[in-house]
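To start, the structure itself, in structure tokens.
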Amino acid sequence: MQHIYINEIIFITLISLCFFGEVLIEVSDRAGVFYWLLMSPVFFYASILSEKTKTLATGHKTEHLIKYQILFWGSAFFAIILVFLTWHAEMMKAQAAAITIHILLAHTMFLSGIILGFRFYLIGVLLFCTAGLTILMEAHFAIDLLITLPFIWLGLYVEKNHIFPTLAADNELVKEIVEDQDHNRRAGDPK
């Protein structure tokens, strides 16, 4: 938890899992469905772990932010279960179910970027891009690899100079969510 490169380790692990999922969809549609179904709790755990590291780094208790993560991932998991049941009822093909779950995870990862930072935006965008390539071009291993490498570079080297909101003192969304720990009030409340 206090490892100096924990956020980088989380980022590389999630990118690797996304990349492996793309390869798995190419090999087996059914395995792809189950893989993306099981990735929902893994991505949720990575989000909570990243949230805990931000708590340690900033000194703010972030119970409200964790509640938002639970809300994001809980709703995503419910939607994923419905897609899984739709596939199980043979109302959609396995590859369509896998791509739909993939897109739901991309959306949730992107939303998590509001609170967790630029790297989660990147993972969400990467998932959107690879899903789009799979849908439009039936992308293969080499194309996914070419798309993934710039995202890794952006996440590791450009993260400090981004324009997206993160857990910072001047972020309006975070000010509304995080309580003032000293006075037990929210930011913006009268003193």
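Using the Cβ atoms and a cut-off under 12 Å, what net charge is assigned to the surroundings of K52, where Lys and Arg are +1 and Asp and Glu are -1? Don't jump to the answer; show the numbers that get you there.
On the way: positive: K54, K61; negative: E51, E63.
The answer is 0.
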Projected label distance in nm at K67 and W153, using a 7 Å step from Cα toward the beta-carbon:
4.2 nm
Two pseudo-spin positions, 7 Å from Cα along C-beta at M137 and at E8, lie apart in nanometres by 3.0 nm
Among H107, Y5, I80, whose Cα projects farthest towards the positive end of the dipole of segment 1-112, with charges put on the beta-carbon of Lys, Arg (+1) and Asp, Glu (-1)?
Y5
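Highest first, please rank the peptides 110-123, 36-49, 64-77 by the mean number of other Cβ atoms sitting within 10 Å of their residues.
Values: 110-123: 23.3, 36-49: 18.4, 64-77: 16.8.
Packing order, densest peptide first, comes out as 110-123, 36-49, 64-77.
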To the nearest Å, what is the center-to-center distance of segment 41-69 and segment 84-100, using C-alpha atoms only?
31 Å
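Provide the FRET efficiency to the nearest 0.05 for the A31-A89 pair, computing r from the beta carbons and using R0 = 25 Å. Don't skip to the end; give the middle numbers.
Numbers: r = 19 Å, r/R0 = 0.77.
FRET efficiency, A31 to A89: 0.80.
Readers should treat all values here as calculations from the given coordinates under stated rules, not as data from a laboratory. Since this is a predicted model, take the numbers as computed values, not measurements. Quick reminder, even Gly has a Cβ in these numbers, built from the backbone with ideal geometry, and neighbours come from all protein chains shown.
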